[in-house]
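The values are calculated or read from the model by the stated rules, or taken from the named source; none is laboratory data. Quick caveat, the model's predicted, so the values are computed rather than measured. Positions of Cβ are generated from backbone atoms using ideal geometry, with glycine treated the same way; all protein chains shown enter the neighbour counts. The area values use the complete protein model at the heavy-atom level, side chains included, leaving out ligands, DNA and RNA. Shrake-Rupley method; radii C 1.70, N 1.55, O 1.52, S 1.80 Å.
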Amino acid sequence: MSAPTLRYATSLVPATTRIYMEMGSVFAKQLANGSTFVVLSYQPDEGRIRAKTSTLKPEGRGPTYQLRTTHGVYEMGATQRLRLRDGRAVPIAEVQPGEEIHSCDIQNADGFIFIDTGKGLAALHDLIESDMQGIAAQLGIPQPSSYQPGIVQKVVSVTPGPDADLCLLSVDDPTTNADGHCFMLWPDGTSFGSGIFVY
C-alpha cells in the first residue's frame, strides 16, 4: 500500500510572530529559509497534539492584528484564524473578548519537559520523535509532583495592527482533515508556559 499523500495548508504569519517548534520559541523570520522544521499541531480526529513538519518563506507585506490574551500578546496575519477551546476556527477579525482559546501548556517539571497533549501528559521530545518516526507515542504518563495545572487563555482584545512583513507557513497533514493544519504560537522568548493554536 502506498503512503498517504501529504496535504499542505498555508497561512500568512507576521515575520515577528513567535512559532513554537522543536527547539522552542522562534521568530517566524528566523525560520523563513525554506528548510523543514517541526511544529506542534492539534489533530482533531485523534484528539491530541501531534508533531508535524512545516516550512516558511518570505511573502511580502500585508495587514496584521494584535491579539491580547490573559497570558500574553500575539501578532497574527489578517487572514489567520484562531482555534477556540470549543473547536471552532474563527477569523481573527471576528474573535470576541472573553472567548476561550485552545491553549497548550509546556512545562519543565522534575527535570523533564512535558506537554499536555489533550490525551494526557507526554515528554515533549519523545512525542516529537515518535510522531516523526510514525510510531505510537507514549501518552498519559504520570503527572510529576512539580507539574502545575494547565492554563486556559481567554481573549482580552483584538486590534488591527500595521502592515508588516509576512511569511508563508505550510503545515503538512497526512490525513484528510483540514482542521489538522493548525500550529502553535508563543507569546515570548521563553520555552515554558502556554501557547495558542491558530490556522
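When residue 70 is tested against (1) more than 12 Å from residue 196 (Cβ to Cβ); (2) touching a residue at least 24 places away in the same chain (Cβ under 8 Å); (3) touching a Lys or Arg at 6+ places or on another chain (Cβ under 7 Å), only condition (1) is not met.
When residue 105 is tested against (1) farther than 18 Å from residue 18 by Cβ; (2) open to solvent by less than 60 Å² (accessible area, probe 1.4 Å); (3) of a type outside the set (A, V, I, L, M), exactly one condition is not met: (1). Summed over segment 130-139, the residues that are at pLDDT 90 or above and open to solvent by 50 Å² or more (accessible area, probe 1.4 Å) give a count of 3.
Only residues that are open to solvent by 30 Å² or more (accessible area, probe 1.4 Å), in a loop (DSSP other than H, G, I, E, B) and either touching a residue at least 40 places away in the same chain (Cβ under 8 Å) or of a type in the set (Ser, Thr, Tyr) (or both) were counted in segment 7-28, giving 2.
With segment 93-199 as the region, which strands (runs of 3 or more DSSP E) entirely inside it contain at least 2 residues that are among the aromatic types (Phe, Trp, Tyr)? The strands (runs of 3 or more DSSP E) meeting that bar are 112-116, 183-186.
Is it the case that some residue within segment 74-85 is in a loop (DSSP other than H, G, I, E, B), within 13 Å of the chain's Cα centre (by Cα), at negative phi and surrounded by 16 or more Cβ atoms within 10 Å (Cβ to Cβ)? Among the residues of segment 74-85, at least one is in a loop (DSSP other than H, G, I, E, B), within 13 Å of the chain's Cα centre (by Cα), at negative phi and surrounded by 16 or more Cβ atoms within 10 Å (Cβ to Cβ), which makes the answer yes. Residues that are at pLDDT below 80 and small (Gly, Ala, Ser) were ranked within segment 140-199; the one that is least open to solvent (accessible area, probe 1.4 Å) is 180.
If only residues of segment 93-116 that are more than 15 Å from the chain's Cα centre (by Cα) and modelled with pLDDT of 95 or more are counted, the one that is nearest to residue 63 (Cα to Cα) is 93. Checked against (1) charged (D, E, K, R); (2) over 24 Å from residue 36 (Cα atoms); (3) modelled with pLDDT of 95 or more, residue 119 passes all but a single condition, namely (3).
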